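Chemist: One structure, pasted below without further comment.
Please treat every number below as a calculation from the coordinates, not as lab data. What you are looking at is a predicted structure, and each value in this text was computed from that prediction instead of being measured. Cβ coordinates were reconstructed from backbone atoms using ideal geometry, including for glycine residues, and neighbour counts include every protein chain displayed.
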Amino acid sequence: MDFATIIQILDSTVRLATPLLLACLAGLYSERSGVFDIGLEGKMLIAAFASAAAAAATGSVWLGLLAGIFASLMLAGLHGLASITFRGNQLISGVAINFLASGLTVLLGQKWFGLGGRTPSLEGAARFEPITLPFAGSIAPVPVLGPIYSELISGHSILVYVAIALVPASAWLLYRTRFGLRLRAVGENPAAVDTAGVSVTGIRYAAVAITGILCGLAGAYLSTALAAGFGREMTAGKGFIALAALIFAKWRPWYALAACMLFGLLEAVSIRYQSIDLGFVMIPVQFTQALPYILTVVILAGFIGKAVPPRAGGEPYVKER
Amino acid sequence: MGGADISGRQSSAAPFAIELRGISKAFGPVQANKDISIQVAKGSIHGIIGENGAGKSTLMSILYGFYKADAGEIVIDGKVTPIPDSQSAIRAGIGMVFQHFKLVQNFTVLENVILGAEEGGILARSLARARKVLADLAREYELDVDPDALIEDLSVGHQQRVEILKALYRQADILILDEPTGVLTPAEADHLFRILKGLRDQGKTIILITHKLREIMETTDTVSVMRRGTMVATVRTAETSPEELAELMVGRKVLLQVEKAPATPGKTVLEVENLRVRDTQGVERLKGINLTIRAGEILGIAGVAGNGQSELLEVLGGIARGIGTIRLNGRELDLTGRHSDGQSRRADGIAHVPEDRQVLGLIMDFTAWENVAFGYHHAPEYQKSALLMDNDAIRADCEKKMATFDVRPPIPTLAAKNFSGGNQQKIVVAREIERNPDLLLVGQPTRGVDIGAIEFIHKQIVALRDAGKAVLLVSVELDEIMSLADRIAVMFDGRIMGERLPDQTNERELGLLMAGVSGEAA
């Protein structure tokens, strides 16, 4: 494996990790506020569809992005209504959202475009194009640093940079601001927030809305940046892997970055190599493909430190007296 | 004596810090508060005492904006102040220390203090200010807590201080404390009362809600008594006595001291040797317990909740497993095998009134008669045939037990959850005592039970002892242990710190043992 190959694998790691990272951060906001969300998958899916459909219709990827965020926000609002206002079961609401998105995208896709659930291929301004950072061309010939900068760091779509910037931004928001303090408190002990005279409902809705927006970004990235158009079930479980990454990351932004990069790397490796020859033994591709899931089971079994979820997670808040 | 107008320490010319006028609140058909009026003078400690269900908590919830009163008004510093939500209560200068703390366990003290009272969107400034304010408050009122400690690492007493600090940080002038000493050691409680007196002397007004007469007598300036939703009296503490207050609370004369003859212990019934128990996390909860109880004797286990008393009851009652030796009437009991369950223990002659009656003692949605049979549902008198139970017999038995134990209302078909705490406990006690066990395990027999029922339950326990049975009494109420037990063992951190005789010890000595100071040093 030479240096160029490593750069290529890492480059594709970043691209594959981006939707995971966006979805993982999305889940982080919701779950830190005490609202479990297994509907990340559905929100990403509907956002991917809405983005691709709007971009195909208008020719503008930015309008597509807006449409994706809007669609995802609608589902997030539904989840909020069910689990915050009506105090329903958050898992069931999440499952319902996944089913809804899965059915709706295919139905509307077929109705509007007649391509078996796919949207037309996007090109030009209807897609997020890679951005070449300044000096990428001139630094490229420099050994080691050149390829790292021009191929690994430069040349991604804007959403990749947004996703990575969101990590420090989220860490700052959660740990350094009033909103973050209240958000974390509401996921741990909503009664403490309530008796302090702050609305539990308001904060949880705000968190769920942020989740909706971030899932919108994740979905839009899938269909307008990573791929050129929507295909049915194109999220392929990414929302669930993001949830696993969230647990792995112990609900923390920087850990989330690391966890998503790890999962992205596993995916990049499994795409690049059909099987890995270690000399004495062949690792079949199925094993690398299964690794994220195996890893998740190992994490959940508590082998790698204990992941303590937000204490009030999954429980609707009801005033005690 | 309805709406009394006793002003505390100050002249009546000054406006009252807080005044309630004709507060009423009903939940469906239940009138929780009926035309309540109180006046609390500025800079005084005012006690509100009453049995469970007398309406104390409802009244305080109205004051803190959790409930809206059906009628009446709240006057603060001479101004009518509506309190529709907690925000308004805080703005009106009311701070509340709840019985169950409202703290975020994995936040620091500082973060908890500023939560909801932050200045601006960025935390750094609020944290810096709070650090300074906390340091000042600590100096002024003995309220020292490490501002950077996580709540989950603090003792209960310190957590309570954080709650007080939260209120003071919000510039509360009126501090309401709801049953503040339930979770404290005697020393911690004394410290709390010192803090409260300090706050009063600085002009703060304190409302102390409790059911402990001793606390009222020691700390308050004036006291209001509530009974069944009404305010029956407001008196100066100096001019009343515990006996009078108890009578006002219950509405009849009550014996505060348990009347019992000296014990006449017989043969050894229970022997526990080197008993060890680990919880599901693998933490050792009992670290080698040794004790004996003889027939006709009540052994009281004192200690702050969570020092292994629950585990001791559970192993003896067949709910948890352990290692060591337990002998009942000289016969060794199975601690880990097939015969270590509750059913076998009952067959062996151990009856168990568990600490949490709503979780372990009763099935709340089931009727009283079903609950009366639980655990003894295999008893021959409850069977009609090999397959069918004789429900009529159980109902008749339930009626009989309800009559003997004065359960009100005496309706066997009523669900357990519809009885008051005291009557629920009577159902459990009736079920266990009526089986005439050799050994009775009782955990917190009077937790959440009103004074009238306490008296009754205590009498039953003493009667069982006088009938030559052994009783193991676990209680966090030191008063209860002191008055009921013939011998007192104090538990701390899974060990017995020492044994004392009730007439040869005092609360101070027991309090030290409860805090882990060893018997020899004490």
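Chemist: First measure r as the distance between the Cβ atoms of A:Phe135 and A:Ala4, then evaluate 1/(1 + (r/R0)^6) with R0 = 22 Å and state the FRET efficiency to the nearest 0.05.
Modeler: That pair, A:Phe135 with A:Ala4, gives E of 0.65.
Chemist: Averaged over peptide A:173-185, how many Cβ atoms belonging to another chain are found within 10 Å of each residue's Cβ?
Modeler: 4
Chemist: Treating only the Cβ of Lys, Arg, Asp and Glu as charged (+1, +1, -1, -1), what charge dipole size does region A:1-133 show about its Cα centre? Round to the nearest 20 debye.
Modeler: Its charge dipole is roughly 400 debye.
Chemist: What FRET efficiency comes out for B:Leu501 versus B:Arg331 if R0 is 41 angstrom and r is the Cβ-Cβ distance? Round to the nearest 0.05.
Modeler: FRET efficiency, B:Leu501 to B:Arg331: 0.90.
Chemist: Sticking with this one: To the nearest whole number, what is the average tally of beta carbon atoms from other chains within 10 Å of the beta carbons of peptide B:91-99?
Modeler: 1
Chemist: Give me Rg over Rh for region B:162-277, both radii from the alpha carbons and Rh done the Kirkwood way, two decimal places.
Modeler: 1.12
Chemist: Sort the following peptides by mean Cβ neighbour count (other Cβ atoms within 10 Å, averaged over residues), highest first: B:427-435, B:184-192.
Modeler: Most protected by this proxy first, the peptides run B:427-435, B:184-192.
Chemist: Report the one residue of B:Gly198, B:Thr219, B:Ala233 whose Cα lies farthest in the direction of the positive end of the charge dipole of region B:192-234 (charges on C-beta: Lys and Arg +1, Asp and Glu -1; origin at the Cα centre).
Modeler: Towards the positive end, the residue furthest out is B:Ala233.
Chemist: For B:Ala233, enumerate residues with amide H under 5 Å from its amide H, sequence gap 5+ or separate chain, H modeled in the peptide plane.
Modeler: For B:Ala233, whose amide H was placed from the backbone, the distant partners under 5 Å are B:Val225.
Chemist: So, one more: Please compute the alpha carbon radius of gyration of the protein assembly as shown, then divide it by the globular-protein estimate 2.2 N^0.38 Å. Two decimals is fine.
Modeler: Against the empirical 2.2 N^0.38 Å value, I get 1.15 for the protein assembly as shown.
Chemist: For region B:213-285, what is the per residue volume of the convex hull drawn over the alpha-carbon atoms, in cubic angstrom?
Modeler: Given the Cα convex hull of region B:213-285, per-residue volume reads 243 Å³.
Chemist: Let me ask another. Cut-off 14 Å, label point 7 angstrom out along Cα-to-Cβ of A:Glu151: give me the residues of region A:3-19 whose amide nitrogen falls inside.
Modeler: Hits in region A:3-19 for A:Glu151 at 14 Å: A:3-14.
Chemist: In addition: Taking 4 °C and 1.567 mPa s as the conditions, I'd like the Stokes-Einstein D for region B:47-138 in µm²/s, using the Kirkwood hydrodynamic radius from alpha carbon pairs.
Modeler: For the chosen part, D equals 83 µm²/s.
Chemist: Additional query: Which of B:Lys42/B:Lys102; A:Lys250/B:Lys417; B:Lys384/B:Lys469; A:Lys319/B:Lys426; B:Lys56/B:Lys132; B:Lys56/B:Lys253 have a Cα-Cα distance over 28 Å?
Modeler: Distance filter (> 28 Å) returns A:Lys250/B:Lys417; B:Lys384/B:Lys469; A:Lys319/B:Lys426; B:Lys56/B:Lys132.
Chemist: Also: Could you give P(r) for region A:3-236, binned at 10 Å from zero, as whole percent values over all Cα-Cα pairs?
Modeler: Per 10 Å bin, starting at 0, the Cα pair percentages come out as 9, 29, 30, 21, 9, 2, 0.
Chemist: Please compute the Cα-Cα pair-distance distribution of region B:288-367 with 5 Å bins starting at 0, giving whole percents from short to long.
Modeler: 3, 12, 22, 26, 21, 11, 4, 1, 0
Chemist: Continuing with this model, one more query. What does the extension gain come out to for B:Asn436 and B:Met389, with contour length at 0.36 nm per residue minus their alpha carbon separation?
Modeler: Separation in residues times 0.36 nm, less the Cα-Cα distance, equals 14.7 nm.
Chemist: Right, another one. For B:Gly50, list long-range residues whose amide hydrogen, built 1.01 Å from N in the peptide plane, is under 5 Å from its own amide hydrogen.
Modeler: Under 5 Å from the amide H of B:Gly50: B:Thr210, B:Met226.
Chemist: How would you order A:194-205, A:269-280 from highest to lowest mean count of nearby Cβ atoms within 10 Å?
Modeler: Output ranking for A:194-205, A:269-280: A:194-205, A:269-280.
Chemist: Need one value for B:151-160: mean number of C-beta atoms belonging to other chains within 10 Å of its residues' C-beta atoms.
Modeler: 0
Chemist: Given H placed 1.01 Å from N in the peptide plane, which residues other than close sequence neighbours of B:Met96 have an amide H under 5 Å from its amide H?
Modeler: Excluding prolines and chain starts, which carry no amide H, the hits are B:Ile176.
Chemist: Can you work out ³J(HN,Hα) from phi for every residue in region B:393-403, in order, using Karplus 6.51 cos²θ - 1.76 cosθ + 1.60 and θ = phi - 60°, giving whole Hz and x for Gly and Pro?
Modeler: Along region B:393-403, the couplings run 5, 5, 4, 4, 4, 4, 4, 4, 5, 5, 5 Hz.
Chemist: While we're looking at this one, here's another question. Beyond 23 Å, how much of the Cα-Cα pair distribution for region B:345-502 remains, as a whole percent?
Modeler: Counting pairs separated by more than 23 Å, the tail of P(r) holds 38 percent.
Chemist: Then there's this: Lys and Arg at +1, Asp and Glu at -1: add these up for the other residues within a Cβ distance under 15 Å of B:Leu291 and post the number.
Modeler: For residues surrounding B:Leu291, the net value is +1.
Chemist: Which whole-Hz ³J(HN,Hα) couplings does region A:234-244 yield from phi under the Karplus relation 6.51 cos²θ - 1.76 cosθ + 1.60, θ = phi - 60°, glycine and proline marked x?
Modeler: Those phi angles translate into 6, 6, 6, x, 4, x, 7, 5, 4, 5, 4 Hz.
Chemist: Could you give the nm distance between label points at B:Gln343 and B:Glu247, where each point is 7 Å from its Cα heading toward the beta carbon?
Modeler: For the pair B:Gln343/B:Glu247, the computed spacing is 5.3 nm.
Chemist: A follow-up question, please. From the phi angles alone, apply the Karplus equation (6.51, -1.76, 1.60; θ = phi - 60°) to region B:212-224 and give each ³J(HN,Hα) in whole Hz, x where the residue is Gly or Pro.
Modeler: Going residue by residue, I get 9, 4, 4, 5, 4, 5, 7, 10, 8, 8, 9, 9, 10 Hz, with x marking Gly and Pro.
Chemist: Would you mind computing Rg(Cα) / (2.2 N^0.38 Å) for chain B, counting N as its residues?
Modeler: Normalised Cα radius of gyration, chain B: 1.04.
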